[in-house]
1. Under 5 Å between amide hydrogens, which residues at least 5 positions from residue 19 or on another chain qualify, with H placed 1.01 Å from N in the peptide plane?
2. What chymotrypsin sites (Phe, Trp or Tyr not before Pro) in the stretch 1-101 are in a loop by DSSP, with at most 11 other Cβ atoms within 10 Å of the Cβ?
3. Of the listed values (1) 7.5; (2) 8.3; (3) 9.2, identify the label whose number matches mean projected area of the Cα convex hull in nm² calculated from this model.
4. The stretch 1-67: which trypsin sites (Lys or Arg not before Pro) are DSSP loop and have at most 12 other beta-carbon atoms within 10 angstrom?
5. Which cross-chain or sequence-distant (5 or more) residues have an amide H under 5 Å from the amide H of residue 76, H modelled 1.01 Å from N in plane?
6. Report the charge-dipole magnitude of the stretch 21-85 in Debye, nearest 20, computed about the Cα centre from +1 at each Lys and Arg Cβ and -1 at each Asp and Glu Cβ.
7. What list do you get for 42, 24 if you sort them by fewest beta carbons within 10 Å?
Amino acid sequence: MLAVGRVLNTLPEGNPVCGVTSLDNFIYVLRDKKLQQISVYDVDSYRLQRRIKVPRLGAMCDMIACSYYQCLYISGECVHRVALTNDNATNWPVNDKPRRLSVTNTLYW
């Protein structure tokens, strides 16, 4: 017998969603690039907590959270790193078009 999931709650409607990730007690939602921001929702109440401005986002493909560095990574025309402690956004170019991201719990020294 197949188990069927059900929707428990939804976030408010808005621009199309390009990426979703979660970390600790927050859900991070990346919407249409025109907004150049990430909406941060409480994981229990689904209430909007804040918005993080990310300049020069451009085309976006994926977003992932890293618990070790307490940041978000966003792929697109480059890779963006957003520090969750101070919302500082940096980016670095790559010689390709990154599409999907992943993080591991292994550190290489």
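1. Close amide H contacts, sequence-distant or interchain: 30.
2. Numbers: sites: 26, 28, 41, 46, 68, 69, 73; in loops: 46, 68, 69.
Those satisfying the criteria are 68.
3. (3)
4. Those satisfying the criteria are 6, 34, 47, 56.
5. For residue 76, the qualifying residues are 61.
6. Working: 9 positive and 6 negative charges, 71 e Å.
Using only the charged Cβ atoms, the result is roughly 340 debye.
7. Working: 42 12, 24 9.
Ascending number of Cβ neighbours within 10 Å: 24, 42.
Coordinate-derived values only; no laboratory data. What you see is a predicted model, and the numbers here were worked out from it, not measured in a lab. Every residue, glycine as well, gets a Cβ built from its backbone with ideal geometry; the counts of neighbours run over all protein chains shown.
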